Amino acid sequence: MGSSLPDSKTCANSIQHQVDGFKDQNVLQKHVNFFDRDKDGVVYPWETFQGFREIGCGVLLSSLASVFINVGLSAKTRPGKFPSLLFPIEVKNIQKAKHGSDSGVYDTEGRFVPAKFEEIFGKHARTNANALTSDELMTMLKSNRVPKDYAGWIASYSEWKILYMLCKDKNGLLHKDTIQAVYDGTLFEHMAMEKALAGKKA
């Protein structure tokens, strides 16, 4: 899958294009927008489920993800509001739900930090300069851990392992272009398009 994605220069250009085209949104919000199926600025659990199904996840994983993500992020994106049993996530406040023990590629305002992105590969890509193996991914996750930040550990592990499971190539490599595409918000649309096309050919 990694080899069919745009190259690194194209992905970098797409980040700037999205920032220019959506002045009222940061890159992290663009990352989340795919799951806002009706584009009303709010992501409900059933929309998270639909989004995961769209990118090729099974029913069980999609169900678990929708519960884990919405229950975990809803209150953080709705500061000052009464908790809702529908567990909505407000896209405009998604940066408030940024968890610890992460890569730092998104800053506290939800902006993309190129230096932190390059640091992932400078520090951890040993087999291939532009990709991560499963072992290298685990090494990165461990190096990012903040002591006793167990929620952050679980969140980071879940995000990266799902990405690796869905997007590694036949040699078990998770490519730089793929990772950059997930950060700039273009990967999910690409995966959904590929899945739709594959369904039409079947």
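Taking all protein chains together and a 1.4 Å probe, the residues PHE87, PHE68 rank PHE68, PHE87 from largest to smallest accessible area.
Pairs from the table (LYS30/LYS168; LYS76/LYS98; LYS39/LYS201; LYS76/LYS116) lying more than 20 angstrom apart at Cα are LYS30/LYS168; LYS39/LYS201; LYS76/LYS116. Using heavy atoms of the protein chains and a probe of 1.4 Å, the accessible area assigned to GLU54 is about 80 Å². Overall, the accessible surface of segment 65-152 at a probe of 1.4 angstrom is composed of carbon and sulfur to the extent of 59 percent. If you roll a 1.4 Å probe over segment 153-200 with all protein chains in place, what percent of the accessible area is carbon or sulfur? Roughly 61 percent, rounded to a whole number. With a cut-off of 13 Å between beta carbons, the residues surrounding GLY80 carry a summed charge of +3, where Lys and Arg count +1 and Asp and Glu -1. The sum of -39500 (n - 2.57) across all DSSP H runs of n ≥ 4, divided by the residue count of the chain, sets its helix-only mean residue ellipticity at 222 nm to -17000 deg cm²/dmol. For segment 27-82, the solvent-accessible area of protein heavy atoms averages 50 Å² per residue (probe radius 1.4 Å; ligands and nucleic acids excluded). The residues of segment 109-166 present an accessible area of 59 Å² per residue when probed at 1.4 Å with all protein chains retained.
In plain terms, the chain from ARG126 to LYS142 could stretch by 4.2 nm, reckoned as 0.36 nm per residue minus the Cα-Cα distance. Measuring between their Cα centroids, segment 93-170 and segment 171-193 lie 13 Å from each other.
The values are calculated or read from the model by the stated rules, or taken from the named source; none is laboratory data. A quick note: this is a predicted structure, and the numbers were derived from the prediction, not measured. So basically every Cβ, Gly included, is an ideal-geometry build from the backbone, and we count neighbours across all protein chains shown. Ligands, DNA and RNA are stripped out before the accessible areas are found, and what is left, the full protein with its side chains, is counted by its heavy atoms. Shrake-Rupley method; radii C 1.70, N 1.55, O 1.52, S 1.80 Å.
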